[in-house]
Amino acid sequence: MGEFEVDREEKLITAANYLVHELRSGKSLTRNAKKALESLLSELSRVVVVNSEDDRYEEDEIKTRLNAVCEKIMTREVDETMIWDLGSEAGNEFLDAVNELRVLIDGGTTEEVSLRKAHDVLQTAMARLEDEFNHLLSENKLPFELEHASFRSDLVLEEGSFGAASTEDLIIGSSRRNSEEIVIDLVRPEVISDLKNIATTMIASGYDRECLQVCTTVRKEALDEFLYHHEVEKLSIEDVLKMDWATLNTNIKKWVRVMRSIVQMYLVSEKSLNDQIFGEEEEESVTCFVDTVKAPVMQLLNFGEAVSLGPRQPEKLLRILEMYELASELLPEIDVLFSDNQLGSSVRGEYREVMRRLGECARATFLEFKSAIASDVSSHPFPGGAVHPLTNYVMNYLMALTDFSQTLDSLLMEHDDVEYLSIPPSPDVINPAMVVEEESAYENSSSPEKFLAMTKHFYSITSVLEANLEEKAKLYRDVSLRHIFLLNNIHYMTRKVLKSELKHIFGDKWNRKHTWKFQQQATEYERSTWLPVLSFLKDDGGSGSGSGSGSGSRSLRPRERFQGFNTAFEEVYKAQTGWLISDERLREDVRTKASMWVIQAYWTFYSRHKNSVSERYIKYSTDDLEKLLLDLFAGSSKSLNNSYRR
């Protein structure tokens with residue numbers, strides 16, 4: 001409207017208001033005034049008649065359009081053929097009719113009957129759209145397969161086939177891409193625009209709840225199929241707590257695999273699908289996504305909670321750490337997927353709580369592992385002085401834990417001031433002096449600054465293990481076998497550290513110290529075994545374990561010394577061929593040093609007395625002894641027969 005028209009209308013309104021005021025004042029009117037008012041009344045009557053005729057014409061036009069739209073919609077209703085099966089064009093024509101009907105209703109109509117009819121037809125149309133939406137979603141859903149995968153980033157969308165690559169390979173590959181995520185088409189891409197158009201029409205018509213209900217129901221079924229395909233059972237906490245370890249172990253491995261796949265691929269793809277269908281309707285997209293995936297995600301989290309509530313058994317630690325580490329890794333993605341403060345907060349909160357419980361369970365299980373080492377009491381010596389199963393278990397356990405160094409270190413660091421060495425050692429098993437010695441060694445060690453908390457605990461564990469081994473060594477009556485037992489076990493510990501990632505945890509100083517320790521045990525073995533035997537070969541020496549001791553030994557004649565040596569050597573041979581040093585290099589080293597001791601002493605004595613002693617008393621040659629010494633520590637007891645008698 002132009003400025004002139006506005007001014008003209010304002011003057012007209014002012015004049016009309018003036019006339020109304022004057023007529024209401026009760027003043028008498030002149031003939032001319034009455035004549036002017038009669039002319040004004042006539043003009044006003046003509047204007048009202050024209051406007052009434054325009055209104056009737058417009059109302060008739062609306063009724064005609066309304067009848068045509070309703071007929072078009074109801075014609076489709078009597079046809080049971082799914083509209084979108086005829087193609088997108090047929091579907092769009094139906095949506096155009098529905099949208100026109102909605103516009104006519106929103107515009108209003110003077111006839112209540114027509115308005116009621118329009119609402120009835122709109123309701124019928126919405127029911128049909130629900131069926132069509134359900135049909136499109138159900139019939140066009142795709143299996144969760146890598147051939148439908150693509151990488152989506154902030155900059156580019158790459159379509160590609162991944163051939164025989166596994167889901168795990170694809171996930172690992174994507175973890176190296178900072179701004180990209182894997183999206184798998186869960187519905188055929190060609191029907192997405194149709195689904196979006198239906199959703200837009202239903203939401204605009206006030207049927208958003210019905211639309212969301214259909215989408216949620218269909219997509220829940222698809223997610224249930226995914227979990228069923230991955231053999232994920234619906235287990236209660238009680239079911240999990242009753243599982244034996246083998247079954248629980250299998251289910252944990254399955255949980256880790258499925259949890260990674262569902263968060264990094266399935267949920268991302270599901271959210272992408274909802275965003276495509278609902279477009280700019282962000283609230284509806286978030287609502288549909290959360291309602292679809294919440295129950296299955298909670299089902300997986302319930303399993304994690306059940307595991308955290310179970311007994312703190314050492315064999316579970318690696319699996320629990322694996323669960324916790326994965327949960328930590330996926331936390332940022334969970335926060336993004338469920339970023340809505342209202343709808344997603346419950347999932348985010350429950351996820352963090354389960355992760356916290358898994359972390360606490362892992363930490364407590366680790367400390368229980370240390371306690372279990374301390375309380376491992378033996379009533380009988382381990383056969384042959386070999387590496388004890390406890391040593392094997394502990395060192396392999398520590399090696400396996402290095403795969404989770406960063407995770408375990410952070411968990412231990414959180415409560416280190418309170419928890420570290422809080423488990424009191426058993427006075428019957430642990431040598432407190434040794435533990436204190438190892439703690440002091442840690443404080444003064446050159447261990448790496450990385451993983452300080454874990455290093456401290458590993459030092460403590462090995463000191464507890466060594467103290468336990470010291471007690472187990474006391475079960476052997478033979479002092480030499482005690483040294484072989486400690487030699488085997490400390491050497492095993494040292495080699496495990498040097499040949500694994502543990503060397504970075506314990507550091508050079510620990511390695512040097514324990515190398516010295518097992519070498520010291522080898523020296524003590526040599527002294528306790530061979531000094532008594534070789535004492536028979538000393539002209540001024542005493543007898544060995546087989547000939548008494550004291551001043552009488554000094555009066556032994558050379559032939560008696562040969563006899564005493566033979567008897568003592570045969571006793572050692574019979575006993576120590578049954579002992580076991582499983583490490584080949586260590587076994588050869590101990591044999592070589594024993595040979596050096598024995599052969600040199602025997603040759604010296606033999607050279608001095610061979611002409612004065614009858615050959616029947618000289619049972620062995622140096623070659624014989626050297627060969628026999630090669631039989632020691634093979635783990636199979638042997639006896640010497642008369643074949644060596646000259």
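Here's a check for you: in the stretch 597-613, which residue that is polar (S, T, N, Q) and open to solvent by less than 70 Å² (accessible area, probe 1.4 Å) is nearest to the chain's Cα centre (by Cα)?
To start, the set of residues in the stretch 597-613 that are polar (S, T, N, Q) comprises 600, 604, 607, 611-612.
Applying the additional criterion that residues be open to solvent by less than 70 Å² (accessible area, probe 1.4 Å) yields 604, 607.
Numbers: Thr604: 68, Ser607: 72 Å.
Ranking the candidates gives Thr604 first.
Could you tell me whether the stretch 267-278 includes any residue that is farther than 30 Å from Thr200 by Cβ, small (Gly, Ala, Ser), in a helix (DSSP H, G or I) and at pLDDT below 95?
Within the stretch 267-278, the subset farther than 30 Å from Thr200 by Cβ is none.
Within the stretch 267-278, none of the residues are farther than 30 Å from Thr200 by Cβ, small (Gly, Ala, Ser), in a helix (DSSP H, G or I) and at pLDDT below 95.
Only one residue in Leu390, Leu408, Leu326 is buried (at least 17 other Cβ atoms within 10 Å of the Cβ), assigned to a helix (DSSP H, G or I), at pLDDT 95 or above and touching a helix residue (DSSP H, G or I) at 6+ places or on another chain (Cβ under 6 Å), so which one is that? Spell out how you get there, then give the answer.
Values: Leu390 fails: touching a helix residue (DSSP H, G or I) at 6+ places or on another chain (Cβ under 6 Å); Leu408 fails: at pLDDT 95 or above.
Just a single option satisfies the conditions, and that option is Leu326.
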Can you report the number of residues in the stretch 339-387 which are surrounded by 14 or more Cβ atoms within 10 Å (Cβ to Cβ), closer than 17 Å to Leu300 by Cα and of a type outside the set (Val, Ile, Thr)?
10
Pairs please, first residue from the stretch 519-535 and open to solvent by 20 Å² or more (accessible area, probe 1.4 Å), second anywhere and among the aliphatic types (A, V, I, L, M) and part of a helix (DSSP H, G or I), Cβ atoms under 8 Å, 6+ apart in sequence or on different chains.
Gln521/Ile484; Gln521/Leu486; Gln521/Leu487; Gln521/Ile490; Ser528/Val479; Pro532/Ala568
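Quick check on my filter: what residues within the stretch 236-250 are surrounded by 16 or more Cβ atoms within 10 Å (Cβ to Cβ) and not in a helix (DSSP H, G or I)? Spell out how you get there, then give the answer.
Residues of the stretch 236-250 surrounded by 16 or more Cβ atoms within 10 Å (Cβ to Cβ): 240, 243, 248.
Within the stretch 236-250, just Met243 meets the criteria.
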Counting only residues that are open to solvent by 90 Å² or more (accessible area, probe 1.4 Å) and at pLDDT 75 or above, how many does the stretch 15-29 have?
2
Leu628 being outside any loop (DSSP other than H, G, I, E, B) and surrounded by 14 or more Cβ atoms within 10 Å (Cβ to Cβ)
yes
Determine if the stretch 126-147 includes at least one residue that is of a type outside the set (D, E, K, R) and at pLDDT below 50.
no
Reported set for the stretch 466-500 where residues are under 22 Å from Arg585 (Cα atoms) and surrounded by fewer than 16 Cβ atoms within 10 Å (Cβ to Cβ) is Leu498, Lys499
Would you tally the residues in the stretch 479-518 being without any contact (Cβ under 8 Å) to a residue 12 or more places away in the chain and of a type in the set (A, V, I, L, M, F, W, C)?
1
Between residues in the stretch 609-623 that are more than 16 Å from Gly564 (Cα to Cα) and residues that are of a type in the set (A, V, I, L, M), which pairs lie under 6 Å by C-beta distance while being six or more apart or on different chains?
Thr622/Ile599
Of all residues in the stretch 573-596, how many are in contact (Cβ under 8 Å) with a residue 60 or more places away in the chain, in a helix (DSSP H, G or I) and crowded, with 18+ Cβ neighbours inside 10 Å?
5
Being free of Cβ contacts under 8 Å to residues at least 24 places away in the same chain, open to solvent by 60 Å² or more (accessible area, probe 1.4 Å) and over 30 Å from Val183 (Cα atoms) is the filter here, so list the residues in the stretch 114-148 that pass it.
Arg116, His119, Asp120, Gln123
Could you please let me know if Thr216 is without any contact (Cβ under 8 Å) to a residue 40 or more places away in the chain, surrounded by fewer than 21 Cβ atoms within 10 Å (Cβ to Cβ) and assigned to a helix (DSSP H, G or I)?
no
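Among the residues of the stretch 65-81, which ones are open to solvent by 40 Å² or more (accessible area, probe 1.4 Å) and out of contact with any Phe, Trp or Tyr (no Cβ under 7 Å at 6 or more places or on another chain)?
First, pick out the residues of the stretch 65-81 that are open to solvent by 40 Å² or more (accessible area, probe 1.4 Å): 65, 67-68, 71-72, 74-81.
Residues satisfying the conditions are Arg65, Asn67, Ala68, Glu71, Lys72, Met74, Thr75, Glu77, Val78, Asp79, Glu80, Thr81.
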Going through the stretch 276-312 one residue at a time, which ones are among the hydroxyl-bearing types (Ser, Thr, Tyr) and under 30 Å from Val214 (Cβ atoms)?
Ser285, Thr287, Thr292
Select, from Glu225, Glu210, the only residue that is out of contact with any strand residue (DSSP E or B) (no Cβ under 6 Å at 6 or more places or on another chain) and open to solvent by 70 Å² or more (accessible area, probe 1.4 Å).
Glu225
Which of the residues belonging to the stretch 603-623 are touching a helix residue (DSSP H, G or I) at 6+ places or on another chain (Cβ under 6 Å) and part of a helix (DSSP H, G or I)?
Trp603, Phe605, His609, Tyr617, Thr622
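Condition check ((1) open to solvent by less than 10 Å² (accessible area, probe 1.4 Å); (2) under 19 Å from the mean Cα position of the chain (by Cα)) across all residues:
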{"site": "Ile252", "(1), (2)": "yes, yes"}
{"site": "Ser261", "(1), (2)": "yes, yes"}
{"site": "Val268", "(1), (2)": "no, yes"}
{"site": "Ser272", "(1), (2)": "no, no"}
{"site": "Ile277", "(1), (2)": "yes, no"}
{"site": "Glu280", "(1), (2)": "no, no"}
{"site": "Ser285", "(1), (2)": "yes, no"}
{"site": "Asp291", "(1), (2)": "no, no"}
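The values are calculated or read from the model by the stated rules, or taken from the named source; none is laboratory data. What you are looking at is a predicted structure, and each value in this text was computed from that prediction instead of being measured. Note: ideal-geometry Cβ built from the backbone for every residue, glycine included; neighbour counts use all protein chains shown. What goes into the accessible areas is simple: the full protein's heavy atoms, side chains included, and nothing from ligands, DNA or RNA. Shrake-Rupley method; radii C 1.70, N 1.55, O 1.52, S 1.80 Å.
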